[in-house]
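Peer 1: After the structure tokens below, expect a handful of questions from me.
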Amino acid sequence: MGYVDEVIEMVQTKNANEPEFLQAVKEVLESLRPVVDANEALYRREAILERLVEPDRCIKFRVPWVDDKGNVQVNIGYRVQFNNSIGPYKGGLRLHPSVNLGIIKFLGFEQIFKNSLTSLPIGGGKGGSDFDPKGKSDREVMAFCKSFITELYKYIGADTDVPAGDIGTGAREIGYMFGQYKRLTDLYEGVLTGKGLSYGGSLARTEATGYGLLYFTNEMLKCNNIDIAGKTVVVSGAGNVAIYAIQKAQQLGAKVVTCSDSTGWIYDPDGIDVALLKEVKEVKRARLTEYKAARPNAEYHEGKGVWTVKCDIALPCATQNELLLDDAKALVANGVIAVAEGANMPTSLEATEYLQKNGVLFAPGKASNAGGVATSALEMSQNSERLSWSFEEVDSKLQGIMVNIFHNLDDAAKKYGFEGNYVVGANIAGFEKVVNAMLAQGV
Ligand code: NDP
Ligand code: 2IT
């Protein structure tokens, strides 16, 4: 058995109850075969793959807080510090009832390669909790966030580990967490990113993941002689990534006709009204039925369904494993040209393979959604130099980073004989920098 297969089998045995982690490891390691085969003796001796798939540490803790009725609630908090070979651990905090250790490990593992692809000095980590912010009052969210940081603050710091937003964690949650960190440590430092603009946040961080997704997609299309203007786009999700992906796609001249949340989806033949979507989701924190109520021409459907809508470009921006084999078949049958992931691992392995086999340009999230964390790293730079850059400056750096990521992975794919396979390209390009650092730093 080859080295890659041995390590996949070991991960399977040791982490049998963590399917998402296993899925992420399989996708990465299988596409690293060409590099691993070329360096097998060295990597085996140094146990590079065994070291890569085992986090530096997993922190799990109790998060007690008091709800509005005076009852004590208990959630579980996690931080997985996966790999800091090229910089301090960096990655978001997910607040969602589905969160468990396996999900945080999959996200932390992906983050290693994503952060490496940004070309900025950030290592991989991820955290979160099974706390559900939905339906909670601001005071309850604050109580949870303060309790969460009261334990986590021991393990994070501007030069150690810098958490940020993810599903369920936005500016409100980051604000409460930053306040508690400052109170406990007396340090005014860039320990969290995605902060408000008045206390160290970066302009363009809110927009960065969605905008970055479109900068990447646009470059990928351009290099394949396709113009994004006039194309029909379907988007899933209606959160931070989806909203700003829709906005930038429209600015580039495309027409976006769908969005979704965890209960249903919208088809808007006139194109999604971003201002209305922001009002419904960012201000009211309401369901998409409110979008429909304000747009007579739009349709609202319960459940899943955006991938059945005819489109040229599909952008999954909600969560993992939301685009499965049948969805990929529906997209291909409807003539899709490109699928670019805004979410982390939204496309299953089978669906990815089907899309690639059918000639669809496929951009893996660790490359195409890296604009969020890249801009977080720019926020860290601004915090370190105690300066704030203009929106235009950050946005132009973000554009440069996304274009650069595309060419790095395109080149890596070509170098190893996998031209056009951006999954292989992203994994190899992300891995090479990390592995070189690991080798240089020894055991
Ligand atoms: P948000 O919480 O802002 O939005 C998530 C959206 O996805 C919501 O509309 C949510 O619906 C919907 N959704 C549908 N099904 C699910 C489900 N099963 N679990 C969770 N959400 C679901 O999150 P983000 O937009 O920040 O994140 C979306 C994806 O992008 C995630 O995969 C995240 O890891 C990834 N990502 C985020 C980055 C960032 O900077 N924020 C950076 C890079 C990647 P509802 O409103 O009903 O909950
Ligand atoms: O998945 C991700 O890259 C994020 N949620 C953003 C992480 C960050 O540190 O900004």
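Any read-out appearing in this document is the output of simple, stated calculations on the displayed coordinates, not a laboratory observation. Just so we're clear, the structure is a prediction, and the values are computed from it rather than from any experiment. Quick reminder, even Gly has a Cβ in these numbers, built from the backbone with ideal geometry, and neighbours come from all protein chains shown.
Peer 1: Which one is nearest to ASP312 (Cα to Cα) among residues in the stretch 238-262 that are part of a helix (DSSP H, G or I) and within 16 Å of ligand 2 (Cβ to nearest atom)?
Peer 2: Among those residues, the one meeting the criterion is ALA245.
Peer 1: If the requirement is being touching an Asp or Glu at 6+ places or on another chain (Cβ under 9 Å) and either surrounded by fewer than 21 Cβ atoms within 10 Å (Cβ to Cβ) or assigned to a helix (DSSP H, G or I) (or both), which of these qualifies: ALA437, ALA374, ALA413, ALA330? Working first, answer last.
Peer 2: Numbers: ALA437 fails: touching an Asp or Glu at 6+ places or on another chain (Cβ under 9 Å); ALA374 fails: touching an Asp or Glu at 6+ places or on another chain (Cβ under 9 Å); ALA330 fails: touching an Asp or Glu at 6+ places or on another chain (Cβ under 9 Å).
Residue meeting the stated conditions: ALA413.
Peer 1: Within 30 Å of HIS407 (Cα to Cα) and touching a Lys or Arg at 6+ places or on another chain (Cβ under 7 Å): is that true of LEU107 in this structure?
Peer 2: For LEU107, the condition - within 30 Å of HIS407 (Cα to Cα) and touching a Lys or Arg at 6+ places or on another chain (Cβ under 7 Å) - is met.
Peer 1: Right, here's the next one. Is it the case that the stretch 145-160 has a residue that's surrounded by 24 or more Cβ atoms within 10 Å (Cβ to Cβ) and within 16 Å of ligand 1 (Cβ to nearest atom)?
Peer 2: The answer is yes, given that some residue of the stretch 145-160 is surrounded by 24 or more Cβ atoms within 10 Å (Cβ to Cβ) and within 16 Å of ligand 1 (Cβ to nearest atom).
Peer 1: Next up: Restricting the stretch 337-371 to residues that are among the β-branched types (Val, Ile, Thr) and crowded, with 24+ Cβ neighbours inside 10 Å, which is nearest to the chain's Cα centre (by Cα)?
Peer 2: So the residue we want is THR347.
Peer 1: Which of the residues spanning the stretch 299-327 are more than 16 Å from ligand 1 (Cβ to nearest atom) and either in contact with a helix residue (DSSP H, G or I) (Cβ under 8 Å, 6 or more places away or on another chain) or closer than 11 Å to ALA238 by Cα (or both)? Don't jump to the end; show me each part of the working.
Peer 2: Initially, the stretch 299-327 is screened for residues more than 16 Å from ligand 1 (Cβ to nearest atom), giving 299, 308-313, 325-326.
Those that are more than 16 Å from ligand 1 (Cβ to nearest atom) and either in contact with a helix residue (DSSP H, G or I) (Cβ under 8 Å, 6 or more places away or on another chain) or closer than 11 Å to ALA238 by Cα (or both): GLU299, THR308, CYS311, ILE313, LEU325.
Peer 1: Just a yes or no: is a residue in the stretch 334-342 hydrophobic (A, V, I, L, M, F, W, C) and within 11 Å of ligand 1 (Cβ to nearest atom)?
Peer 2: Within the stretch 334-342 (the criterion being hydrophobic (A, V, I, L, M, F, W, C) and within 11 Å of ligand 1 (Cβ to nearest atom)), the answer is no, since none of the residues qualifies.
Peer 1: Sticking with this one: Could you give every pair whose Cβ atoms fall below 7 Å, whose first residue belongs to the stretch 319-333 and is of a type in the set (Gly, Ala, Ser), and whose second residue is within 14 Å of ligand 1 (Cβ to nearest atom), counting only separations of at least 6 or pairs across chains?
Peer 2: Every condition considered, the pairs that remain are ALA330/TRP307.
Peer 1: Of the residues that sit in the stretch 48-78 and are touching a residue at least 60 places away in the same chain (Cβ under 8 Å) and over 30 Å from ARG139 (Cα atoms), which one is surrounded by the most Cβ atoms within 10 Å (Cβ to Cβ)?
Peer 2: My answer is LEU52.
Peer 1: Okay, next question. Please go through the stretch 25-45 and pick out each residue that is surrounded by fewer than 19 Cβ atoms within 10 Å (Cβ to Cβ) and outside any helix (DSSP H, G or I).
Peer 2: ASN39
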